[in-house]
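Taken together, the values in this text are just the output of simple stated rules run on the coordinates, not laboratory data. Computed from a prediction, not measured in an experiment: that's the story for all the values here. We place every Cβ from the backbone using ideal geometry, glycine too, and count neighbours over all the protein chains shown.
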Amino acid sequence: MEYIAQVLIGKPLNILIVSVLLFVGFLAVRNRAKRPPRLSGALLLAAILWAVYAAWEWLILLYTPEANIRVDLLLIWPVLTASLLWVVFRCFR
């Protein structure tokens with residue numbers, strides 16, 4: 001968990017990369033099927049959530065770079081984790 005925090009906290013570019021990968025997965029699933037499966041909706045939602053998180057991290061770095069106690073992550077990370085677990089669940093279902 002500490003490694004994930006080091007890779008993501010304060011690094012909006014890394015977060016944006018995760019969002020772009022999820023969006024590419026969305027496009028691949030959507031273009032592959034004639035009728036878009038529910039997985040594409042889950043991928044799109046996860047991509048949007050991660051993109052919003054990247055924008056939030058960028059704003060935090062811009063306006064409060066000295067912030068060392070991030071209580072907001074107690075709300076943000078469970079939502080992001082749940083979205084990724086939902087995508088994984090939808091993939092194997």
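Summary table below
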item	result
Computed label-point distance, nm, for sites Ala5 and Trp58 using a 7 Å Cα→Cβ extension	2.5
Debye, to nearest 20: dipole size of region 2-92, +1 on Lys, Arg Cβ, -1 on Asp, Glu Cβ	740
Val88 paired with Asn31, simple spin-label distance in nm, labels 7 Å along Cα-to-beta-carbon	2.7
Residue exposure sequence - Leu61, Leu84, Leu22, Leu74 - by fewest surrounding Cβ within 10 Å	Leu74, Leu61, Leu84, Leu22
